[in-house]
Structure formats: structure tokens, C-alpha cells
1. What is the spin-label model distance, in nm, from Val65 to Lys143 if the labels are put 7 Å beyond Cα along the C-beta direction?
2. What list of ³J(HN,Hα) values in whole Hz, one per residue of the range 105-111 in order, does the Karplus curve 6.51 cos²θ - 1.76 cosθ + 1.60 (θ = phi - 60°) give from phi, with Gly and Pro shown as x?
3. Return the subset of Lys48/Lys85; Lys48/Lys103; Lys85/Lys124 for which the Cα-Cα distance in this structure is over 26 Å, preserving the input order.
4. Using a 7 Å offset from the Cα along the Cα-to-Cβ direction at both Asp126 and Ser43, what is the distance between the two label points in nm, to one decimal?
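Derivation of every value follows stated rules applied to the coordinates shown; laboratory data play no part. Note that the coordinates shown come from a computational prediction; the quantities given were computed from them, not determined experimentally. Using ideal geometry, Cβ is built from the backbone for each residue, glycine included, and neighbour counts are taken over all protein chains shown.
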Amino acid sequence: MNRTIDTYTHPNVSGEFFLFLLRQILRVRKLFRKDIPVKEGRSDEVSKKYLSFLAAKGNGGAACVLCIKEAERDNNAFTYWSIVKNDFPYDLIAERHDLLVSKRCFGEESGMSEQERDELVRIKNDILPGRDEYDIILENFPKGRSVPTHYHLHLIKCRRNFLSLL
């Protein structure tokens, strides 16, 4: 399953170049470590966990996993959004991989209220860039979302060795 990235930020890198580098790193890793399957920037251990989640979801076994993470949310940080730990991080490239999740469940950006949209823009443009916690914001196209019913963005702090390649 290919993931497509339609938005992310990094001060010195274009989206196309970032994707090119990520694909090259994963190709090289696969060439030298044929014993470890490469799945979208995830280690074998995380890939197995993620594939199990997808299989359970396909059998009707998963409610909205992002709604279930309510207890983990930092509800005081923002009014309409929370930052939660990603259970299936891109751990081959990320030292930290969290999700910016809407507190209300909706699947598409068009489902946001004006207040949710305003706060999201403020978080993306004013709050997150001032912190050293993340390097990149990723948003999958609808066809690549494993949780399409709950709008969220991926917040990634790249591993130091990965960023040096950029």
C-alpha cells in the first residue's frame, strides 16, 4: 500500500525531494536487509502491529481508534485539537511521531467548523513552527488513510541521521 503525502513542512526541503529521499533510503535498506520487510518507513515490529490493526479493522473489529485514544489526549492544550502518540509510527525515519487529532470525529477537511479550521491554522502556522518538537507535518490523501473517518495530521520529528540527508 503506497502512502501519498499532500502537505508537510520543512524549512529547506520541497515535498517532492523529501519523498524522493525517503523512497531512496527505503530502497537501499531493502537491498541490504532482505530479511526485514520495509513497509512505509516502519520497522518490522511496527509493521506487523499495523497490519494486525488493518486486518482487525477489515473484519469490522475496530471502532474509531482516534476516538478511543481520548484518555491519552492533552485536552488542555487546544480547544478543538489534541496531540496524541501514534501507535504505528514511521520509526525508521522518526524519533518522534505524534498525531494532531480533531477532538470531534469527522473524516474530511470540509467537515471542520470555522472554529476548528481557525485553530488548526493557528497551530500549524504559529504554534508548531515555534517549537523544536517536530520537523514535518504530513497529511495522507484520502485513499491512503487507515483511519479515514477521523481527520488527523502526522507530526514527525525526524531522526538526526535522516535529517542530515536532507
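1. The answer from the label model is 2.2 nm.
2. In residue order, the calculated couplings are 7, 8, x, 10, 4, 5, x Hz.
3. Correct reply: Lys48/Lys103.
4. Each label point is offset 7 Å from its Cα along the Cβ direction, giving 3.9 nm.
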